[in-house]
Amino acid sequence: MRKKRAYKSRKPGGGRKKLKPEYDARKNLKEQMESAVALYDSEMSLQAIGEELGLNPIKVRKLLITAGVYESEVAEKVQATFQELLIEARKY
């Protein structure tokens, strides 16, 4: 007969290690948003801001809309829809 192995407890903190433990998506988004807003306030175009930050101008516009700085008819609709979704999410 086979001999049973003794139980070996796991080490704490086990599991898959993070590839980038210092990565923080919220922090990165906040930094990008602040940079885009600062450049937009200095009268730069979306194209110029995109080149400066290494982003697509559409992404720059998205960041500015999220920050509440960029104003257009579409931006107002996006903000209104976003607010409605937040209210719906809070109900659950």
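The values are calculated or read from the model by the stated rules, or taken from the named source; none is laboratory data. Please read these numbers as outputs of a predicted model, since none were measured by experiment. Every residue, glycine among them, receives a Cβ derived from its backbone with ideal geometry; neighbour counts consider all protein chains shown.
General remarks:
- Taken together, Tyr23, Tyr70 contain a single residue that is exposed (fewer than 10 other Cβ atoms within 10 Å of the Cβ), of a type in the set (Phe, Trp, Tyr) and in a loop (DSSP other than H, G, I, E, B), which is Tyr23.
- Number of the exception - Phe82 against (1) surrounded by 10 or more Cβ atoms within 10 Å (Cβ to Cβ); (2) modelled with pLDDT under 85; (3) in a loop (DSSP other than H, G, I, E, B): (3)
- Filtering the range 26-54 to residues that are of a type in the set (A, V, I, L, M, F, W, C) and either in contact with a strand residue (DSSP E or B) (Cβ under 9 Å, 6 or more places away or on another chain) or assigned to a helix (DSSP H, G or I) (or both) leaves Leu29, Met33, Ala36, Val37, Ala38, Leu39, Leu46, Ala48, Ile49, Leu53.
- Tally, over the range 70-92, of residues that are touching a residue at least 12 places away in the same chain (Cβ under 8 Å) and of a type in the set (Val, Ile, Thr): 1
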